[in-house]
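Undergrad: Here you go, one structure.
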Amino acid sequence: MRKSLPQRIALSVVGVVVALLILFPTYWMFVTSLRTPGEILSPKYDLIPTSFSFGNFTTALGKDNFPTYLLNSLIVTVGSVLCALVAGTLAAIPLSRLRFTGRKGFLVLVMVAQLAPVSALFIPLFLLMRDAGLLNTLPSLLLIYFATTLPFTVWMLYGFVNGIPYELEEAAMIDGCSQTGAFRRVTLPLLGPGLVTTSVFSFITAWNEYLFALVFIQDKPKETLPVWLASFRTAFATDWGGVMAASVIYAIPALIFFLLVQRKLVSGATAGAVKG
């Protein structure tokens, strides 16, 4: 049903208002990062600044070991996402294509694991990493992020695999492909949007994680960016300009990752693949 002109205008206004509400905190963070400490603490605070200063960015980038923290975050985040995608795909394929005893129960367990509060895992994971000799190491964070994002990855990829008609694989096998070849040549390319979508959510989850990185890592050179971001607040004061500038820097890698994969986020790649 076509909407009338007043309805379209009203929907457009609502959409613009919602977009402004969502974007305003990001805009405020960026604008504050360009102000001097005196302007930040001044009672007169202009919505649109008239002058800019990059001193806060210089302070943030000049913090000790920033390149090391950035590299640590990239290692544990990218590593955990890749491990979760591989394991999640290997789990989602048989869950979707095969019918075996306990399949539905396993899916329920996956959902329960996803719903479990992360804070409840602190003590058992701490004891596990201590006994394994992995405490205070980057592999411990990688394994923890992998374990916490895996249930979500399996559940999401299970839904995407279900959306790919099995008839496509059967047609490829009739044409001479093996079952593995049919999956590699037909299903895996069509699963691309699902892999990208899942990787985005897993990346954001691991990239923003703070508590495990704070508790499981004691050595400064092994810390990640979320812990580095918290270092701008001390017992005596908070460097708000430094916090905002560091937050902008902290958001850039996630933004770059999203821009690189955003074209693949559109689902429905198999729509109309099978007729009749």
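The values are calculated or read from the model by the stated rules, or taken from the named source; none is laboratory data. Since the model is a prediction, treat every value here as computed from it, not as a measurement. For neighbour counting, all protein chains shown are included, and Cβ atoms are generated from backbone atoms with ideal geometry for every residue, glycine included. SASA here: full protein model, heavy atoms, side chains in, ligands and nucleic acids out. Shrake-Rupley method; radii C 1.70, N 1.55, O 1.52, S 1.80 Å.
Undergrad: Kirkwood Rh, the range 19-88, all Cα pairs: how many Å?
TA: Computed over Cα pairs of the range 19-88, the Kirkwood hydrodynamic radius comes out at 15.3 Å.
Undergrad: May I ask you to derive the FRET efficiency for ASN136 and GLN262 from their Cβ-Cβ distance with R0 = 30 Å, giving the value to the nearest 0.05?
TA: Once the sixth-power term is evaluated, E becomes 0.25.
Undergrad: For ALA235 and ASP219, compute 0.36 nm times the residue count separating them, minus their Cα-Cα distance, and round to one decimal in nm.
TA: 3.7 nm
Undergrad: Stretched out fully, how many nm does the piece from LEU127 to ALA171 gain, at 0.36 nm a residue minus the Cα gap?
TA: Extra length from LEU127 to ALA171 when fully extended: 10.8 nm.
Undergrad: While we're on this one: What is the sum of charges around GLY242, taking Lys and Arg as +1, Asp and Glu as -1, for the other residues whose C-beta is under 11 Å from the C-beta of GLY242?
TA: +1
Undergrad: I've got another one for you. Suppose only helical runs count, i.e. DSSP H with n ≥ 4. What mean residue ellipticity at 222 nm does that imply for the chain under -39500 (n - 2.57) per run, divided by all residues and rounded to the nearest 500 deg cm²/dmol?
TA: Calculated from helices alone, the mean residue ellipticity at 222 nm is -21500 deg cm²/dmol.
Undergrad: Same structure again: Assign unit charges at the C-beta atoms only (+1 for Lys and Arg, -1 for Asp and Glu), then state the dipole size of the chain relative to its Cα centre in Debye, rounded to the nearest 20.
TA: The dipole magnitude comes to about 720 debye.
Undergrad: Take the Cα radius of gyration of the range 1-123 and divide it by 2.2 N^0.38 Å, with N its residue count; two decimals is plenty.
TA: The range 1-123 yields a ratio of 1.80.
Undergrad: Quick check: with the 1.4 Å probe, what order do MET111, MET29 take by accessible area, largest first?
TA: Putting MET111, MET29 in descending order of accessible area: MET111, MET29.
Undergrad: Could you work out the percent of alpha carbon pairs in the chain separated by over 30 Å, rounded to a whole number?
TA: Percent of Cα pairs beyond 30 Å in the chain: 49.
Undergrad: Please return the longest stretch of the chain lacking exposed loop sites, where chymotrypsin sites (Phe, Trp or Tyr not before Pro) count only if DSSP places them in a loop and at most 11 other Cβ atoms lie within 10 Å.
TA: 101-235
Undergrad: At a probe radius of 1.4 Å, what is the per-residue accessible area of LEU90, in Å² to the nearest 10?
TA: Rounded to the nearest 10, the figure is 130 Å².
Undergrad: So what's the Cα pair-distance distribution over the range 56-152, bin width 5 Å, in %?
TA: Calculated P(r), rounded to whole percents: 2, 11, 15, 17, 17, 14, 10, 7, 3, 2, 1, 1.
Undergrad: In addition: Putting +1 on Lys and Arg Cβ atoms and -1 on Asp and Glu Cβ atoms, find which of ALA60, ALA213, LEU150 reaches farthest to the positive end of the dipole of the chain.
TA: Farthest towards the positive end: LEU150.
Undergrad: When only the heavy atoms of the protein chains count and the probe is 1.4 Å, how do VAL17, VAL186 rank by accessible area, highest first?
TA: Ranked from most to least accessible, the order is VAL17, VAL186.
Undergrad: Once you treat every alpha carbon in the range 103-203 as an equal point and sum by Debye, what is log10 I(q)/I(0) at q = 0.15, 0.18, 0.20, 0.24 Å⁻¹?
TA: Per q value, in the given order, log10 I(q)/I(0) is -0.78, -0.93, -1.02, -1.20.
Undergrad: Within the chain, which whole H helices from DSSP have a Cα span along their axis of at least 20 Å and a mean Kyte-Doolittle hydropathy of 1.0 or more, if any?
TA: Membrane-span-like by this criterion, though nothing is claimed about a membrane: 5-33, 66-97, 138-162, 192-207, 240-261.
Undergrad: Grab every C-alpha pair in the range 121-276, bin the distances at 5 angstrom width from 0 up to the longest one, and report whole percents.
TA: Spelled out per bin, shortest first, that is 1, 8, 13, 13, 14, 12, 11, 9, 7, 5, 3, 2, 1, 0, 0.
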